[in-house]
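Below is one structure, written out as structure tokens; comments come after it.
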Amino acid sequence: MDTILGVEGDTRRHAALAQLPELARRIGEEAVAREARRELPYFAFVLFRDSGLGALRIPAELGGLGGSLQDVFEVIATLAAEESNVAHALRLHFDVTETLLLGARSAHTDLQVQRVLEGAVYGGAATELGTARPGVIETVLVRDGDHYRVTGRKYYSTGTLFADYARINLRDEQGENVVAFIPVAREGVRVLDDWDGMGQRMTASGTLELDNVRVDAHEVLPRVPGSLLGRHTGALRQLHLVAVAAGIVRRIFRDARDYVLAHGRPVQHSPAATAREDAFVQQVVGELSAQSLAIDTLVRENARALDRSADAIAAHAPDAQALVLDSALITAKTQLIVSQLALRAGERLFDAGGASMTAKRYNFDRHWRNLRTIASHNPLSHKTRVLGDYHLNGTTQHLEEGKVF
């Protein structure tokens, strides 16, 4: 029976992944114009729900696709090459499904899994504005009879405007960290499109308002920072950002090539008859192709490391701690190098065509803006220092917090 289930799971996974290029193409239609108009891509999440890829990490024996993290990050990069906002907005969804995969089985977990299998998309919010430091939670869950009530404002609610359920980090009345899973459509929940960053403008990464929202007891779980699973998913969230950047660089290479072939002209002093024959233009396009390959390779190898740590956590393997630490180190190194390569690509793109490439109708500047915004999520200089401290002194303090590594 297990063999039959495995074969059926493989067949369904292959079928779902086979439709990925067409799904990405449909999501990417008119994406350039939508970005210029700041038109939120609600339709894309209808298509994503229908694709079944939201259940990519749910085991086949539970009705999911049983995919690997290599599969997940290829999905993210492929979507990002067409519409980076959509790929980014799925970050919390795949964080939640990883927790469902590797966490302890319970009635709560089974309910969330069933929702994912039915096509539900997860969003949520962790941080708040106005606190002394990022990560400080001041929104309190208050007991009200046999349930709870919560009032407050969260921020960076990426993807929640498109989602069905939200995972929200809160404190209880004793000051303990908890997490609540609630429907986005519940009375008193309001998601605002007030994210005003220069890039990733349609990720719906703004405010989540909670106005005396009812939260049932079974919707609340304790949140334990620094757990092995928390450290693993912390690295997963970072690689998700990197995979979005990988997709953007794929698009940068494609845009440079297509622009040269369709619109390019050799510069006035070039001996070449056409832009495609110009040695300097060839150099730019060749460099972009190499940067894209290097980034894709780093993401793929990083995903393999995360697959190893996920498997170890699932098996309660004795080397799970070491593998989680290893994947955190690899993720930090990948994020550092990809940020450098990707931002260079976003700037280098314009050397393929000169001033005409800056025309608003192409909207090529969105690539650098989006990449710069993604690279600003975490202090990369801090990651560099932590890596150096580890290799020189064996220090693992920050790597074990489960935050940004």
Count of segment 368-391 residues which are of a type in the set (F, W, Y) and under 26 Å from N85 (Cα atoms): 1
Condition met for G226 (within 30 Å of N85 (Cα to Cα), part of a helix (DSSP H, G or I) and either assigned by the TED database to the domain that holds L92 or not aliphatic (A, V, I, L, M) (or both)): no
Those residues of segment 36-50 which are open to solvent by 10 Å² or more (accessible area, probe 1.4 Å) and on the phi < 0 side of the Ramachandran plot, in sequence order: A36, R37, E39, L40, Y42, F43, V46, L47, R49, D50
Flag if G119 is over 24 Å from the mean Cα position of the chain (by Cα) and over 19 Å from T233 (Cβ atoms): no
Boolean, V215 is of a type in the set (V, I, T), under 25 Å from F45 (Cβ atoms), in contact with a His (Cβ under 9 Å, 6 or more places away or on another chain) and in the same structural domain as E301 (by the TED database): no
Filter pass, I337 being in a helix (DSSP H, G or I), buried (at least 21 other Cβ atoms within 10 Å of the Cβ) and either in contact (Cβ under 8 Å) with a residue 12 or more places away in the chain or of a type in the set (D, E, K, R) (or both): no
Count - residues of segment 109-147 that are open to solvent by 10 Å² or more (accessible area, probe 1.4 Å), touching a helix residue (DSSP H, G or I) at 6+ places or on another chain (Cβ under 6 Å) and in a loop (DSSP other than H, G, I, E, B): 1
Which listed residue, of I168, I182, is among the aliphatic types (A, V, I, L, M), closer than 30 Å to A312 by Cβ, open to solvent by less than 40 Å² (accessible area, probe 1.4 Å) and touching a strand residue (DSSP E or B) at 6+ places or on another chain (Cβ under 7 Å): I168
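Please verify whether L325 is on the phi < 0 side of the Ramachandran plot, open to solvent by 20 Å² or more (accessible area, probe 1.4 Å) and not acidic (D, E), treating the condition exactly as stated.
yes
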Residue in segment 169-176 that is among the basic types (K, R) and under 23 Å from L241 (Cα atoms) present: no
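Might you let me know whether segment 150-166 holds any residue that is touching a Gly at 6+ places or on another chain (Cβ under 6 Å), of a type outside the set (F, W, Y) and part of a strand (DSSP E or B)?
Within segment 150-166, one or more residues are touching a Gly at 6+ places or on another chain (Cβ under 6 Å), of a type outside the set (F, W, Y) and part of a strand (DSSP E or B).
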Some residue of segment 345-363 being within 27 Å of T384 (Cβ to Cβ), more than 18 Å from the chain's Cα centre (by Cα), at pLDDT 95 or above and open to solvent by 10 Å² or more (accessible area, probe 1.4 Å): yes
Residue list for segment 236-267, filter: open to solvent by less than 20 Å² (accessible area, probe 1.4 Å) and more than 12 Å from F73 (Cβ to Cβ): I248, V249, I252, D255, A256, Y259, V260
Yes/no for S376 being without any contact (Cβ under 8 Å) to a residue 40 or more places away in the chain and polar (S, T, N, Q): yes
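The values are calculated or read from the model by the stated rules, or taken from the named source; none is laboratory data. Because the structure is a prediction, the values reported are computed rather than measured. Quick reminder, even Gly has a Cβ in these numbers, built from the backbone with ideal geometry, and neighbours come from all protein chains shown. Side chains included, ligands, DNA and RNA excluded: accessible areas come from the protein's heavy atoms. Shrake-Rupley method; radii C 1.70, N 1.55, O 1.52, S 1.80 Å.
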